[in-house]
Amino acid sequence: MAIATHGTASNYLQRAPSPSGLVDVVDLILDKGLVLDAYIRISVIGIELITIDARIVIASIDTYLRFAEAVNRLDLTQTEVAGLAELREGSKGGSFEPGGGDKEKGMYEGLKEKVKGD
Amino acid sequence: MSARAATATPTEDSSTARPVYVYGVVRAGGLPSRGLTGVDGAEVGGVEHEGIAAITSPISVKHVRARRRDLLAHSEVLTKALEHGTVLPLQFGIVFETEKALRAGFLEPRKPELEKLLRDFDGRVELRVTAFYVEEAILAEIVEQNGRVARLRAATRSAPGGVGYGARLELGELVAAELRARARNDARALLEQLRPLAMAVDLDEEPLEHQVLRGSFLVARERLEKFDEALDEIAKRQAGRMQFKYVGPLPPHSFVSLEPEGRR
């Protein structure tokens, strides 16, 4: 997401040198990497909950209703007219302001908060 | 960096009898510089064994519950070690009772396998890519391109609260199906462009909401720039519609594995 100010390419996306968020780290180090059989394992109480929480189930009535609500909340002046009148030819998308519904980020922040309490 | 290793003789003194937390395996001489803080706030060192070395730090057995900073420390130590050469990362949370147990139970019996892995992963790094839809943008696109969604939206929007439950459910289901289909197509398109630049791809299962792609690419260091450019180009094309997170170079977490114990 960060816009770089150097380099020759357009630099829409800059590579981060290391994972910044806990969710990213958890993805990488909890069930990946070399695993050994004979060792004492640090207990990771709480962490498994995070990974499960992060893997949201898509197919549920709650999700459907939330999507319906999200679609209804959209403010799409252009598409609205087209949708209602079913005159989809010539309608212009993209008149909305993206980024407002930063659900994903919100989720990550929420997860981070959860673990802060150790 | 070998000060700790030098004290580690088969006869255990007070320092070698302590439990050690293990981060990963490198070639001897490839340990991260001193002064790095690891899991449990301990200073990171290493245990060398005939040309290979484990990145370690002392840990108190009484205090082995993982905390947020421990998870981050594990990852950071490995990322730092990668600056000095090839690193084989271990999963989080592996502790040996003593340095001696680490040598006898891991470094020594697994030496040939570890050496081979170190050779295999020379000059190869893991790049982590996640792509998510920007919710408002993708929903607007669906409303615009699916007439039934647009009609149901219009109908349920004008309905007073509580009314039109069935219609709202249908709307939501349609939207969910559209999201799945779009994510599938978009992921395929992204992979078509990125896969040729990678030596291996490891996609995470269990998608998160609005996820298009979440996975790791094993890339030769000399292709790193090409990969950057390809992904940047994709991000530019998808600006406003998708959000990306791009992390690396990382040690090859998603690509290393050892033979199961019984099968060697």
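Points worth noting:
- Charge dipole magnitude, Cβ of K and R +1, D and E -1 - chain B, Cα centre, debye nearest 20: 440 debye
- The shape of region B:40-176 comes out prolate: with a ≥ b ≥ c from the C-alpha gyration tensor, a/c is at least 1.5 and a/b beats b/c.
- Least to most buried among B:His253, B:His49, B:His84 (fewest other Cβ within 10 Å first): B:His84, B:His49, B:His253
- Counting beta carbons within 10 Å around each of B:Met199, B:Met242 and listing the fewest first gives the order B:Met199, B:Met242.
- Relative contact order (%) - chain B, alpha-carbon pairs under 8 angstrom, separation at least six: 22 percent
- A prolate overall shape is assigned to chain B, the ratio a/c of its alpha-carbon gyration tensor axes (a ≥ b ≥ c) being 1.5 or greater and a/b exceeding b/c.
- Taking amide H atoms as placed 1.01 Å from N in the peptide plane, the amide H of B:Leu258 lies under 5 Å from those of A:Val35, each 5 or more residues away in sequence or on another chain.
- Overall form of region B:116-264 per C-alpha gyration tensor (a/c, 1.5; a/b vs b/c): prolate
- Other protein chain C-beta atoms within 10 Å of residue C-beta, averaged over B:198-209: 3.
- Annotation: the residues B:Arg67, B:Arg168, B:Arg153, sorted from fewest to most other C-beta atoms within 10 Å of their own C-beta, follow the order B:Arg67, B:Arg168, B:Arg153.
- Annotation: extensible slack from B:Glu192 through B:Arg148 equals 12.7 nm (criterion: 0.36 nm per residue apart, minus Cα-Cα distance).
Throughout, read-outs are computed from the coordinates displayed, never taken from laboratory work. Here the structure is a predicted model, which is why all the values come from computation and not from measurement. Reconstructed Cβ throughout: ideal geometry from the backbone, glycine too, with neighbour counts over all protein chains shown.
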